[in-house]
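Each remark here refers to the structure printed beneath this line.
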Amino acid sequence: MGRERRGVEDSDALAELSTMRFSSGQAFLDQPAHAVTFFGMSGVGKTTLAGLLQKQDWFQYSVDYRIGTRYMGEHIVDNFKREAMKVPFLRQLLRSDSIYIRSNISFENLSPLSTYLGKPGNEARGGIPYAEYCRRQAQHRQAEISALLDIPEFVERAREIYGYTHFVSDSGGSLCEVVDVNDPHDAVLQCLSQHTMLVYIRGTADHARMLVERFRKHPKPMYYNPGFLDAKWREYKTERGIGDDAMVDPDDFAVWGFEQLLDHRTPLYEAIAERYGYVIEMEDVPLLRTEADVLAHLARTIDASPARATSSL
């Protein structure tokens, strides 16, 4: 046990040295080029801030868009084709290459990606078999990891090809599900923290309740860490007295699972921010209306952060 603890402490020190933290807010402002990754739960303002900065001549990188185009695009379109092949009229047109099917995914519309992920349970109610659901979840996990590891390349491409000095990454809500904050050598966290300033936008209890209510009205597919998913799938079936996977109501599980997910993700976000980055509050996001507002707020956050004392930048 002591040996394991010493290893973690030693590597914690290494992680701190390699993390993009700053000795002061002014040191951050003085950087000739900024690179920031916003992360947090859905609806806290990640895309709002990224979009604001994009309008101020920052390069915006959407992790979810990259997942849905570069890494999951073929899976998504193949799923469209499988559904189209069930329709005799479309089947013939597809087989003769008379029609072309594609995904019209965009920064604002990620529905093709979430539709492909689906919800597990009764197929008559719009679900997919649990084994197939897990297969798609695994595809998404690898795609998200790859998209996050692409960020340094895009920081460079934004500068070299497009002439952007500043870079902002809008990460997906499942960032915390594809990393291990307790592993100081986690490749994704090391990559993100070395090349971007990690900023957690922290939600509120009211926001969490609003998310749950919104989700109840419109359940949607989500990504789960595989260990968490398997445990919650068993727990849900036990609680509902369901023995057969095919008898699960996909929307009911989606809502139940989402509530579990909120409680699961919050401490993970907090741990990532504590070790690798900074925290801002979602209530402050509407007050940030210009690039200068965002930079000044981040500078104040750095000055107020305990991480400042261990920074060297």
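Value of Rg to Rh for the chain, rounded to two decimals, is 1.00; Kirkwood radius and Rg both from alpha-carbon coordinates. Note on segment 162-229: Rg/Rh from C-alpha atoms, Kirkwood Rh, equals 1.04. Fully extending the segment from Asp263 to Arg91 would add 57.5 nm, taking 0.36 nm per residue of separation and subtracting the current Cα-Cα distance.
Give me the number: length gained by fully extending Thr290 to Glu235, i.e. 0.36 nm times residue separation minus the C-alpha to C-alpha distance, one decimal in nm. Each step should come with its number before you reach the end.
On the way: separation 55, 0.36 × 55 = 19.80 nm, distance 4.61 nm.
Length difference between fully extended and current span is 15.2 nm.
Restricting segment 72-117 to GluC sites (Glu not before Pro) that sit in a DSSP loop and have at most 14 other Cβ atoms within 10 Å of their own Cβ leaves Glu108. May I ask you to list the residues of segment 73-94 whose amide nitrogen lies under 20 Å from a point 7 Å from Cα along the Cα→beta-carbon direction of Ile161? Backbone N within reach: 73-74. Estimated purely from DSSP H runs of n ≥ 4, each contributing -39500 (n - 2.57), the mean residue ellipticity at 222 nm for the chain is -17000 deg cm²/dmol once divided by its residues.
Ligands, DNA and RNA are left out, and with a 1.4 angstrom probe the accessible area of segment 34-298 is 48 Å² per residue.
Carbon and sulfur together cover what percent of the accessible area of the chain at a 1.4 Å probe radius? Carbon-and-sulfur percentage of accessible area, whole number: 51. Here is the link list: Lys119/Lys237; Lys119/Lys232; Lys81/Lys220. Which ones come out longer than 20 Å on Cα distance? From the list (Lys119/Lys237; Lys119/Lys232; Lys81/Lys220), the Cα-Cα distance tops 20 Å for Lys81/Lys220.
What is the gain in length, in nm to one decimal, between Asp303 and Glu74 on full extension, counting 0.36 nm per residue of separation less the C-alpha to C-alpha distance?
77.9 nm
Please determine, in degrees from 0 to 90 and to the nearest 10, the orientation of helix 2-18 with respect to the longest principal axis defined by the Cα atoms of the chain, where the helix direction is its Cα long axis. The angle comes out near 70 degrees.
The values are calculated or read from the model by the stated rules, or taken from the named source; none is laboratory data. Note that the structure is a prediction, hence the values are computed from the model and not measured. Cβ atoms come from the backbone with ideal geometry, glycine included; neighbour counts cover every protein chain shown. In case anyone asks, the SASA skips ligands and DNA or RNA and just uses the protein heavy atoms, side chains included. Shrake-Rupley method; radii C 1.70, N 1.55, O 1.52, S 1.80 Å.
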